[in-house]
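Beneath this line is the structure, given in structure tokens, with notes to follow.
The values are calculated or read from the model by the stated rules, or taken from the named source; none is laboratory data. Here the structure is a predicted model, which is why all the values come from computation and not from measurement. Here the Cβ positions follow ideal geometry from the backbone for every residue, glycine too, while neighbour counts run over all protein chains shown.
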Amino acid sequence: AQSVTQPDIHITVSEGASLELRCNYSYGATPYLFWYVQSPGQGLQLLLKYFSGDTLVQGIKGFEAEFKRSQSSFNLRKPSVHWSDAAEYFCAVGAGGGYQKVTFGTGTKLQVIP
Amino acid sequence: DSGVTQTPKHLITATGQRVTLRCSPRSGDLSVYWYQQSLDQGLQFLIQYYNGEERAKGNILERFSAQQFPDLHSELNLSSLELGDSALYFCASSGWTGLWNEQFFGPGTRLTVL
């Protein structure tokens, strides 16, 4: 069974500082990996996804993530955080084959201080 | 705006009652997914429908059921409600583009059971 671990429940960074959110996954085959962002009172928005190929993927809003198979990790990074990035971030792993079942991590709440 | 709509936005009801949540997918999307987000369980996949047929089942309780209609909208029925069913219920939809179909999330329905 697939699973996702986000070890950090809360992270606080200063505006302008760099950010790295950790994600570890467990999946038997080549995973489909995602990062979603959820702003307060909003639905989930896809930031980026990894299916195959280049292990460094670029997403929206200046985010990127790196897939490291040897570490079963898919960490999300941003070089300079903006106050509007304050939200909850979810890492997710998907099983394909037409079933599209997505398993989400528990989320990391990002607080941005001026 | 993802193009996925959910109604109602908020729902307050009492234990033992039955409610119906509605989801309209993005135009042209054949798949609909239901998720439950609660503080203690996180974001959990409930069920997937594809073109009117159930495709995959997750952690959906027997008291819950769903269906997808010929016009592709979907309804999630929750019965014999318990306090623990209070949560945010998301619907997502996807089309078919190959190996993996990106899921677009609606804004959610917040259910409060008193």
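Since B:Trp34 meets every condition but one in (1) within 14 Å of chain A (Cβ to nearest Cβ); (2) surrounded by fewer than 20 Cβ atoms within 10 Å (Cβ to Cβ); (3) in a strand (DSSP E or B), which condition does it not meet?
(2) is the only condition that B:Trp34 fails.
Hey, does the range A:95-107 have a residue that's assigned to a strand (DSSP E or B), over 28 Å from B:Cys91 (Cα atoms) and among the basic types (Lys, Arg)?
no
Quick one: which of B:Gly108, B:Gly42 is free of Cβ contacts under 8 Å to residues at least 12 places away in the same chain, within 25 Å of B:Thr13 (Cα to Cα) and at the interface with chain A (Cβ under 9 Å from one of its Cβ atoms)?
None of the other options fit; the residue is B:Gly42.
B:Gln48 is checked against (1) part of a strand (DSSP E or B); (2) over 25 Å from A:Thr106 (Cα atoms) and fails just one. What number does that condition carry?
(2)
Taking the range B:41-52 as the search range and keeping residues that are farther than 19 Å from A:Leu44 by Cβ and of a type outside the set (Ser, Thr, Tyr), which one is surrounded by the most Cβ atoms within 10 Å (Cβ to Cβ)?
Once the filter is applied, the top-ranked residue is B:Gly52.
Would you mind finding the one in A:Leu44, A:Leu76, A:Leu33 that is surrounded by 14 or more Cβ atoms within 10 Å (Cβ to Cβ), modelled with pLDDT of 95 or more and within 27 Å of B:Gly106 (Cβ to Cβ)?
A:Leu76 is the lone residue from the list that is surrounded by 14 or more Cβ atoms within 10 Å (Cβ to Cβ), modelled with pLDDT of 95 or more and within 27 Å of B:Gly106 (Cβ to Cβ).
Hey, any hits in the range B:19-28 for a residue that's more than 9 Å from chain A (Cβ to nearest Cβ), out of contact with any helix residue (DSSP H, G or I) (no Cβ under 8 Å at 6 or more places or on another chain), surrounded by 21 or more Cβ atoms within 10 Å (Cβ to Cβ) and in a loop (DSSP other than H, G, I, E, B)?
Checked the range B:19-28: at least one residue is more than 9 Å from chain A (Cβ to nearest Cβ), out of contact with any helix residue (DSSP H, G or I) (no Cβ under 8 Å at 6 or more places or on another chain), surrounded by 21 or more Cβ atoms within 10 Å (Cβ to Cβ) and in a loop (DSSP other than H, G, I, E, B).
Among residues belonging to the range A:31-65 that are hydroxyl-bearing (Ser, Thr, Tyr) and under 27 Å from B:His10 (Cβ atoms), point out the one that is farthest from the other protein chains (Cβ to nearest Cβ).
A:Ser39
If we keep just the residues of the range A:1-38 that are more than 24 Å from B:Gln41 (Cβ to Cβ) and either in a strand (DSSP E or B) or charged (D, E, K, R) (or both), which is nearest to the chain's Cα centre (by Cα)?
A:Glu20
With the structure loaded, tell me whether A:Ile60 is touching a Leu at 6+ places or on another chain (Cβ under 9 Å), among the aliphatic types (A, V, I, L, M) and surrounded by fewer than 16 Cβ atoms within 10 Å (Cβ to Cβ) or whether it fails that test.
Here the answer is yes, as A:Ile60 does meet what is asked.
Filter the range A:39-70 for residues that are assigned to a loop (DSSP other than H, G, I, E, B), small (Gly, Ala, Ser) and under 15 Å from A:Tyr89 (Cβ atoms) and give the result.
A:Ser39, A:Gly43, A:Gly59
Just give me the residues in the range B:51-89 being within 11 Å of another protein chain (Cβ to nearest Cβ) and part of a loop (DSSP other than H, G, I, E, B), in sequence order.
B:Gly58, B:Asn59
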